[in-house]
Amino acid sequence: MSDPAKRIARWSTKFNAERLKTDIENLRPAMLASVQAVFPELVLMESQVKQVLDGKNLATIQYPLYLAFGRELWRLIRQQVSGPSLAREAAVLVDKWKARGLSQAVLEAIRSEVFSISPPSP
């Protein structure tokens, strides 16, 4: 077991505020470029999910949960999950959100209409 004083000294060095500030300042341009590239896609996807939800006459208080489901599907696609694997993962997410009280029909509509994901083959 290591000496507690050594651990504290390592932690103190690792979490030096000035060093962290410099590291973040160096990373900021790349982080900003990433956000600028991704956020338009995210906003478009969320708008498409809201259009599906508007067509289902749901109360707006339910929208955040369905948007969270949409973001999870979107993340899978961004991670380049595709084909039968994507269909299976989407089915798992539908089951997860259905268990949380959301409508299976609405979840499947989002899956199909927004993301063009078919149900998995049996």
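The values are calculated or read from the model by the stated rules, or taken from the named source; none is laboratory data. Because the structure is predicted, anything quoted here is derived from the model rather than measured. Cβ sites come from the backbone with ideal geometry, for glycine too, and all protein chains shown count toward neighbours. These accessible areas exclude ligands, DNA and RNA; they are computed on the full protein's heavy atoms, side chains included. Shrake-Rupley method; radii C 1.70, N 1.55, O 1.52, S 1.80 Å.
Counting only alpha carbon atoms, the long axis of helix 83-99 and the longest principal axis of the chain meet at about 90°. Region 24-58 and region 63-111 have Cα centres spaced 17 Å apart. Taking the longest Cα principal axis of the chain as reference, the axis of helix 17-55 is set at about 10 degrees. Think of the chain as having a plus end and a minus end, set by charges on the Cβ of Lys, Arg, Asp and Glu; of Ser47, Val81, Phe15, Phe15 sits farthest toward the positive end of this dipole.
Loop-located trypsin sites (Lys or Arg not before Pro) across region 78-122 with a Cβ neighbour count of 15 or fewer within 10 Å are Arg100, with loop assigned by DSSP. With the simple model of a label 7 Å out from the Cα in the direction of the Cβ, Leu65 to Gln36 spans 3.9 nm.
Of Trp11, Trp97, Trp74, the residue with the largest accessible area leads and the full order is Trp11, Trp74, Trp97 (1.4 Å probe). Computed 3J(HN,Hα) for region 71-79, one whole-Hz value per residue from the Karplus formula 6.51 cos²θ - 1.76 cosθ + 1.60 where θ = phi - 60°, is 5, 5, 5, 4, 4, 4, 5, 5, 7, glycine and proline marked x.
In the full protein context, the chain carries 70 Å² of accessible surface per residue, based on a 1.4 Å probe and ignoring ligands, DNA and RNA. Shown for the chain: the carbon plus sulfur share of the solvent-accessible area, taken with all protein chains present and a 1.4 angstrom probe, equals 58%. Summarising the label geometry, the points placed 7 Å from Cα in the beta-carbon direction at Gln48 and Lys98 lie 2.3 nm from one another.
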